[in-house]
Amino acid sequence: MRAFYFDNIPGDQRLLHDSGNPVSDDILKSIGLLHWHIPTNQQNQIDTVAKERNYKNRDTITITKQGLGDLYETKLKSFYEEHMHEDEEIRYILEGSGFFDVREHPTDSWIRCQLDAGDLLVLPAGIYHRFTLDENNMIKALRLFKDEPKWTPINRGDLTDVNPYRVDYLKSIAVT
């Protein structure tokens, strides 16, 4: 996984948008983001991570224009809305590639995380983020869950800022 500050230049969200300013692992850790690279021919290591982090369920999602048909653009736009979840979001990229953008604190800058096959990303509950495919327009990912599979985005707003999961997240990274 490669991380860098988003350039904020208007245009297709699927473009690289690399500002030229890389983001260190220390910065990623400071906002609670975890990542590993596990080659796809060594997926048994995913079971080890799942056991260590208490992930009990999993499924696979494939996002392509062919697979989503007429819903493709609408779905991609909804994934790109800034939101948070009340659960960790865990993705292991099996095929293809894409971007997760996360908010840095306290600057509120976007950090773009470029993921390819073999990358495993864990976003903490309460972190503001968004997702998009890249120009290849295809990703297949293993989703891991601590409990029953669910994916409920809560779009950023005044009520989200006081959501208990958001407040707990900010406390966990020592932002007051």
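Here are the numbers for the structure shown:
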item	result
All lysines inside 18 Å of Lys150 as judged from Cα atoms, apart from same-chain residues fewer than 8 positions distant	Lys56, Lys75, Lys140
Global geometry of region 1-69, whether rounded, prolate or oblate, following the gyration tensor of its Cα atoms and the 1.5 cut on a/c	oblate
Accessible area of Trp36 in the full protein assembly, 1.4 Å probe (Å², nearest 10)	90
Calculated FRET value between Glu73 and Lys29, using beta carbons and R₀ = 41 Å, to 0.05	0.75
Whole-percent carbon and sulfur share, accessible surface of the chain, 1.4 Å	49
Max mean-square fluctuation residue, GNM over the chain, Cα-Cα springs under 10 Å, options Ile93, Ile111, Ile61	Ile61
Set of region 113-156 residues, backbone N closer than 14 Å to the point 7 Å along the Cα-Cβ line of Asn41	118
GNM flexibility winner over the chain from Ala141, Ala50, Ala117 (Cα, springs under 10 Å)	Ala50
Within the chain, longest stretch clear of exposed GluC sites (Glu not before Pro) (DSSP loop, no more than 13 other Cβ within 10 Å)	1-80
Solvent-accessible area per residue for the chain (1.4 angstrom probe, square angstrom)	53
Shape of region 44-108, Cα gyration tensor, a/c cut at 1.5	oblate
C-alpha center-to-center spacing [region 117-176, region 83-115] in angstrom	7
Global form of the chain, assessed from the alpha-carbon gyration tensor, a/c cut-off 1.5	rounded
Simple label model, 7 Å out from Cα along Cβ direction - Ser172 to Lys140, nm	3.0
Extended-chain gain in nm, criterion 0.36 nm per residue less alpha-carbon gap, Asn54 and Ser109	16.7 nm
Potential lengthening between Glu82 and Ser19 on full extension [0.36 nm per residue; Cα-Cα distance subtracted]	20.7 nm
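The values are calculated or read from the model by the stated rules, or taken from the named source; none is laboratory data. What you see is a predicted model; the values in this text were computed from it and never measured. Here the Cβ is made from the backbone with ideal geometry for all residues, glycine too, and neighbour counts use every protein chain on show. These area figures cover heavy atoms from the full protein model, side chains too; ligands, DNA and RNA do not enter into them. Shrake-Rupley method; radii C 1.70, N 1.55, O 1.52, S 1.80 Å.
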